[in-house]
1. For region 15-63, what are the residues that are at positive phi and over 18 Å from the mean Cα position of the chain (by Cα)?
2. Identify the residue in region 141-171 that is not in a loop (DSSP other than H, G, I, E, B) and not hydrophobic (A, V, I, L, M, F, W, C) and, among all such residues, is surrounded by the fewest Cβ atoms within 10 Å (Cβ to Cβ).
3. Which numbered condition trips up Gln235, out of (1) at pLDDT 95 or above; (2) among the polar types (S, T, N, Q); (3) more than 30 Å from Glu374 (Cα to Cα)?
4. Is it the case, given these coordinates, that Arg247 is basic (Lys, Arg), modelled with pLDDT of 70 or more and either more than 39 Å from the chain's Cα centre (by Cα) or more than 30 Å from Tyr168 (Cβ to Cβ) (or both)?
5. Checking Gly304 against (1) more than 22 Å from Tyr412 (Cα to Cα); (2) open to solvent by less than 60 Å² (accessible area, probe 1.4 Å); (3) assigned to a loop (DSSP other than H, G, I, E, B): exactly one of these is not met. Which one?
6. Taking Val217 as the residue in question, decide whether it is more than 22 Å from the chain's Cα centre (by Cα) and either farther than 30 Å from Gly460 by Cα or surrounded by 11 or more Cβ atoms within 10 Å (Cβ to Cβ) (or both).
7. Checking Phe471 against (1) closer than 30 Å to Ser172 by Cα; (2) open to solvent by 30 Å² or more (accessible area, probe 1.4 Å); (3) assigned to a loop (DSSP other than H, G, I, E, B), which test does it fail?
8. Name the residue, out of Met67, Met86, that is in contact (Cβ under 8 Å) with a residue 12 or more places away in the chain and in a helix (DSSP H, G or I).
Amino acid sequence: MECYIMEQEIISVGIDDIAIHFPRLYLDMKDFAELRGADFNKLNKGLGLKAMAIPDVHEDTATMGAMAVMRLIDRNRLDPRKIGRMYLGTESALDGAKPTATYILDMLTQRYSRRYGKDCFRNCDVVDMTFACIGGVDALHTTLDWAARPSGQDERIGIVIFSDNAKYDLGSSGEYTQGAGGGALLIRQNPRLLEIPDCWGVSTTPVHDFFKPRRKVTIRSVISSVMELAQEAGQSVKKGIVERMIRHLPKSTVRRLGIFAHGEETVSVHRDEPVFDGQFSNRCYQEAVRQAFHNFKQHAERQGRWSEEDEKLTQQWSRIIMHLPYAFQAKRMFPDVFRHDRNGTPIWDDVLVQIGEPPVIPSQKTKKNTEQFEREMDAYRRAISKTPEYLHFHSNKIEKGQRASSLIGNQYTGSIFLALMSTLESDLEDNADIEGTYFGLCGYGSGAKAKVFEAIVQPGWEEVVSRWHLFERLAGRVAIDQLTYENLHKGIQVESVVPPSGEFALINVSEDGLYEGQRTYKWAAKKRN
């Protein structure tokens, strides 16, 4: 357990409750497949995709995070004045300097100030943490450390927030994995749901498998693009107009007031859509998870809670919870860990009879040899994933986590916690006896980092989970058509598809003046029929 020994007292901390918020809108994967001319069976049967959550006009990272925290506060009757910190994990930040967590704090203050005072969150520490999809796990890790430390008479209560809009370019190879949502974890001592031991495996490598760079746009390209649009719209464009406009810029009022106001020839542009290499990212994911798992085993052995003579860790874990950029990602990626953890056991001997020995690492690591080896290893992992031994393992330990992901899509920093909720609610429906068992959890963030840790299911878990109603709420969403989806994606949808009701809403983004870009939010009261 996460422990600090003070006067022989062991302090345990973990997750007391979880709340999640997802957009009311979704696009059915059948409609997406038809829109893109894709094979629905491949998306559904091959990747496990059924629907993707799509934010409405009034929704963003901050509103989704605030809604989740509100659900957590109300359900647990928390006094905001006693919440010591709210750390947000996100890769969909709304500002390059001002933390998105402060927008969340603003909405929550509006909501609770009448009852608890306008300064009810004044002493709450907030910050954003960014490392692609693992930012939420990083926020959890540091908040557990903070919550476990003694602070006099008062218990430390923290909330970990995760919120993202997983958005890809239209028509790109990542578009079908899109999704969105926000969530919150209540972190405190002696948790009712999951106790998290202080044993973490980490693997970090500086790779470019997925990233969101600041891209440069030249003034010439902006003017040229505008002229091309004019031609496409049927407007005549005189020859040499671009050069004449550029020569005129130094004395132009637009130049003095616009985005090129300081005489620069280029401007940095940030986009939510990433630059990525899917195949390379999969290999980075596999390698990071495997190395983090190995590091976790080393720490567990040093702590004396596991040794090579003990039952394999993947067998000890009653459930395995992983980051799911798409529903079947864990099913496809975990065979590598399964191979390493089961090597030398009768189960692995049975697997070897079916698929043979793994490919041999080339003695000369040329680019050609390395690429060939990687192709052979990919094929070998697929062979492992089809064996009865692995299918049984996956069905018992991983499958329940992918059920909600199939209906929402990628939540970036929240996908591992969505898988956790999906597993626990499915176990509740099955009346599963998991009290006191260990869950293995593995987060991953491109760039790249993986963390492996454990959670112990507490005696009160059923009562906590019974209040979530995750799948019931998912069934009540509103489907959108293909045109509405593309309009929302392009940002040209003017009005909300479903007007905000009983939720926080983005009502304005200032377009000019001293506070250009300032975002304004308010609570939209529930509309009565």
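The values are calculated or read from the model by the stated rules, or taken from the named source; none is laboratory data. Computed from a predicted structure; not experimentally measured. Please note: Cβ atoms are built from the backbone with ideal geometry, for glycine as well, and neighbour counts cover all protein chains shown. Each accessible area value is taken on the protein alone, full model and side chains, heavy atoms only, with ligands, DNA and RNA left out. Shrake-Rupley method; radii C 1.70, N 1.55, O 1.52, S 1.80 Å.
1. Residue satisfying the conditions is Gly37 alone.
2. Asp145
3. For Gln235, the exception is condition (1).
4. Here the answer is yes, as Arg247 does meet what is asked.
5. (2)
6. Yes.
7. (3)
8. Only one candidate qualifies: Met67.
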